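Just below is one structure, and these are the notes that go with it.
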Amino acid sequence: MAAAGAEGFVLESTNWEGHPVTLIAANSDQGLLYGAFRLLALMQQGEPLSALDVHDAPRLKLRVLDHWDNPDRSIERGYAGQSIWDFWRLPGYVDPRYTDYARADASIGVNGIVLNNVSASSVYLTPRWIAKLAAIAAVMRPYGIRVYLSVLFNSPLDLGETSTGDPRDPQVIAWWHAKADEIYRAIPDFGGFTVKADSEGRKGPSQYGRTPADAANVLARALAPYHGVVLYRGFVYNNHLDWHDLKADRARAGVDNFASLDGKFEKNVIIQIKEGPIDFQAREPVSPLFAALLHTPQAIEVQTSQEYTGQQRHMVWLPSMWQWVLDTDMRVDGKHSPVKEIITGKTFNQPTGGFVSVVNVGMEPNWLHHPMAMANLYGYGKLAWNPDESLEKIIDTWTRLTWGNDPQVDRTIDAMQLGSWNVYESYTGPNGVGTLTNILGYHFGPGIESAERNGWGQWFRGEKDGIGMDRTVATGTGYIGQYPKELAEKYESLATCPDDLLLFFHHVPYDYKLHSGKALVQSIYDAHYDGARAAADYVPQWESLKDKIDPERYEKTHALFEYQAGHAIVWRDAINNWFHQISGIDDVQGRVGHHPNRIEAESMKTGGYRTVDVVPWETGSGGKAVECHAVKGCTLTTTLERPAGRYDVAVQYFDIWHGVSTYTLSVNGAPIATWKADDTLPPAQPDSHLDGQTSTRRTIHHVALKSGDVLELRGVPDLRLELFHGAQASGLTGAQGLRMEPNLQEYAPVDYIELGPDGPITPQ
Ligand code: GCV
């Protein structure tokens, strides 16, 4: 049993006094629990119990989920409802969902949960709140899960209990020691603290002329007597970089800030490093910081919550990306040193290491909104347990446990999930350019230039002459020099830099010839068409399973796949149009900028609609859309000149968070579809922009049409009359006190109508 260690287990089919028995053995309760969960999973997959011989133990010590949950139950980058932690009712009322969550997490091997946002509030450290944390810890404990807390670096000052936040000040040191004592009295198995400091405007040790090591060590010393740890985040960077400085580079920040501190941290400090040097993009190279800390334990941080990868409205199976990161061999000192062995502590002989995922589950019944997104949480647990587990096995097990053992169901879902990261990457930001989302909005749809010309440093430097960040040592920011020699040489040279990271490392002309043989811009056009097509294909693949899936989950997933198909076209067109305009290079296949089946709303005959600009221009077809400001609604009509047949009619409109416009599509005066633009899902924010985040497609399938038919779209806006701010105070009553709040209106906006074939739309 020695190999099972503290958390492993053995499952064996044996017999006792002539009777077959199944043995679960372990060195601890936790090991037994994991063994029991494994046994249940095997049984659920129909594995015979007669020949069990499973010996397993986790490879990573810390398998921790981060919740970016705030005290008011909002969640930063959460897409499945409000926080499950109902702090206002704790500790008196302990929601039974905590037990469900603990059980689900333990079943995939999670052994720690950071309860609150890394952008932390100091309120959690007050006695009243420690009692609340203790109530959650009591639920987690039987499941082998320790609770952790994100702490504000200068909490004692923030709470008014010291006169400074300087980590070297004796008052501050004493405060943290007393606070640790207090926490451990309430929660004897408390895991420790996570710290985000000197990052994105958060205060940090730099304001006192101190280093991350000073800040981490004061906490670590306070936790050490109780075996607690500090997970200090390597995500320290300046978000006010100078765009005009061609040497400025956010990607450098991790190594620049931490490498010189290697060896200066207390033993119970673990540096928590985001997988890539920027921020959970669809693809980034692996952070060079993994190779720069030889004397400090490390944890990798990934993001199950799909902030930049479709926010749980697009299916993207992220373990494919994570395993690519884990398998990356950093070649430290020319030796085999894959990330997965660095974070277990093996490469640099560290006593501990970790695998952390930002999870951001919410109150929605399935925790993450998209039924397929739960495969990300499951896959995280499996990789944190064993980074070498095969992706095929992980997804197949998840599919069987979630959707049953029907071979067609399993084959179909497995294949869709396994390809989904590459599909998403190809219709959003291929070639290492980053996810070309609106980084100044809520990181959802395309908004290409939002990343440029500001201090955030998510630049890709798309100019007339070419595109990509020159991060070479020879002529660029020197970032590539932060990698160990072999990797640095590979990335520095255009001859060996992989196509899928090219624009992360090099600035090249648009007609640059890739290793694939294609010109860069053509490859981008093709990738976006292929990616959008592949996303569209999820719909018929899913429909092929209709009779084998329960109606509730079938319909929910179907609607999400339809949404993804439409939104992938928004991405495809925005990025292709932008590249077409900046490069001036035509698509050799003539698709970009030519949409023969598209009828622009602004070109249709209108009853009341007015033309408006879409900003940024690339997120609206032709840069324009129409809006209706008339209470009774407006119409768009067109007389078709098409051969008779069945068509899929797609209406591209904008669904903003506020307001519920109504649309009706009619043929020759007979309505064929009515729907409401009632999106309130979490990515949406209270702004009324028509852009790539709100552009939405509704497809009405198999519509019989012929030449001469009149197609009419009627839009009825939602014009909200709100109580005029201050009306009551000013003594205004009734209609006098009402006015239209421009930010709350939804003017039934329309971009275009498209008749198949195009994108997902095929003639019937
Ligand atoms: C919690 C990104 C996200 C932020 C997040 C930050 C972090 O910038 O957009 O919401 O803040 O990363 O990881 O600290």
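The values are calculated or read from the model by the stated rules, or taken from the named source; none is laboratory data. As the structure is a prediction and not an experimental result, all values here were calculated from the model. Here the Cβ is made from the backbone with ideal geometry for all residues, glycine too, and neighbour counts use every protein chain on show. Heavy atoms of the whole protein, side chains included, go into the accessibility calculation; ligands, DNA and RNA do not. Shrake-Rupley method; radii C 1.70, N 1.55, O 1.52, S 1.80 Å.
Exposed loop sites here are GluC sites (Glu not before Pro) in DSSP loop states with at most 14 other C-beta atoms within 10 Å. What is the longest stretch of the chain lacking them? Let's see the in-between values first.
Working: sites that count: Glu17, Glu200, Glu463, Glu641.
Counting at most 14 other Cβ atoms within 10 Å as exposed, the longest clean stretch of the chain is 201-462.
Can you run phi through the Karplus equation (6.51, -1.76, 1.60; θ = phi - 60°) for region 621-630 and list ³J(HN,Hα) in whole Hz, with x for Gly and Pro?
Once θ is set to phi - 60°, the couplings for region 621-630 become 5, x, x, 10, 8, 10, 10, 10, 10, 8 Hz.
Roughly how big is region 397-484's charge dipole about its Cα centre, with Cβ charges of +1 (Lys, Arg) and -1 (Asp, Glu), in debye to the nearest 20? Could the numbers behind the result be given before it?
On the way: 6 positive and 9 negative charges, 26 e Å.
Dipole size: approximately 120 debye.
With +1 on each Lys and Arg Cβ and -1 on each Asp and Glu Cβ, how big is the dipole of the chain about its Cα centre, in debye rounded to the nearest 20?
Details: 67 positive and 93 negative charges, 189 e Å.
With Lys and Arg at +1 and Asp and Glu at -1, about 900 debye.
Using Cα centres only, tell me the gap between region 220-269 and region 50-93 in whole Å.
If we compute the Cα centre of each part, the gap is 25 Å.
Of the options Gln272, Ala213, Tyr237, report the single residue whose Cα projects farthest towards the positive end of the charge dipole of the chain (beta-carbon charges: Lys, Arg +1; Asp, Glu -1).
Result: Ala213.
Based on DSSP loop calls and a cut-off of at most 14 other Cβ atoms within 10 Å, the longest stretch of the chain free of exposed chymotrypsin sites (Phe, Trp or Tyr not before Pro) is what?
Details: sites that count: Trp88, Tyr93, Trp243.
The longest uninterrupted stretch comes out as 244-764.
Around Arg461, what is the net charge, scoring Lys/Arg as +1 and Asp/Glu as -1 over all other residues with Cβ under 13 Å from its Cβ? Don't skip to the end; give the middle numbers.
Values: positive: Lys247, Arg250, Arg453, Lys464, Arg471; negative: Asp245, Asp249, Glu449, Glu452, Glu463, Asp465, Asp470.
Combined, the nearby Lys, Arg, Asp and Glu give -2.
Report the trypsin sites (Lys or Arg not before Pro) located in region 1-110 that are in a DSSP loop and have at most 16 other Cβ atoms inside 10 Å of their Cβ, or state none. List each step's numbers first, then the result.
Details: sites: Arg38, Arg59, Lys61, Arg63, Arg73, Arg77, Arg89, Arg97, Arg103; in loops: Arg59, Lys61, Arg73, Arg77, Arg89.
Of the trypsin sites (Lys or Arg not before Pro), the ones in loops of region 1-110 whose Cβ has at most 16 other Cβ atoms within 10 Å are Arg89.
I need the per residue convex hull volume for region 221-293, using only the alpha carbons, in cubic angstrom as a whole number.
Working: hull volume 8.0 nm³, N = 73.
Taking only Cα atoms, region 221-293 has a hull volume of 110 Å³ per residue.
On average, how much accessible surface per residue is there in the chain, in Å², for a 1.4 Å probe, leaving out ligands, DNA and RNA? Working shown, then result.
Details: 28620 Å² over 764 residues.
On a per-residue basis, the chain sits at 37 Å².
Normalised by the empirical 2.2 N^0.38 Å for globular proteins, what value does the Cα Rg of the chain take?
Numbers: Rg = 27.5 Å, N = 764, 2.2 N^0.38 = 27.4 Å.
Computed over Cα atoms of the chain, the ratio equals 1.00.
Grab the eigenvalues of the alpha-carbon gyration tensor for region 130-217, scale each by 5, take roots, and send me the semi-axes largest first in whole angstrom.
Working: eigenvalues 137, 41, 22 Å².
Output for region 130-217: semi-axes of 26, 14, 11 Å.
Within 10 Å of each candidate Cβ there may be at most 13 other Cβ atoms; applying that plus a DSSP loop requirement, which trypsin sites (Lys or Arg not before Pro) in region 594-650 survive?
Listed in order of number, the matching sites are Lys632.
As an exercise, identify the trypsin sites (Lys or Arg not before Pro) in region 238-275 lying in DSSP coil whose Cβ has no more than 12 other Cβ atoms within 10 Å.
Values: sites: Lys247, Arg250, Arg252, Lys264, Lys267, Lys274; in loops: Lys247, Lys264, Lys267.
In loop regions of region 238-275 (DSSP not H, G, I, E or B), the sparsely surrounded trypsin sites (Lys or Arg not before Pro) are Lys247.
For the chain, what % of the accessible area comes from carbon and sulfur atoms, probe 1.4 Å? The partial results should precede the final answer.
Values: 15230 of 28620 Å².
Carbon with sulfur: 53 percent of the solvent-accessible area.
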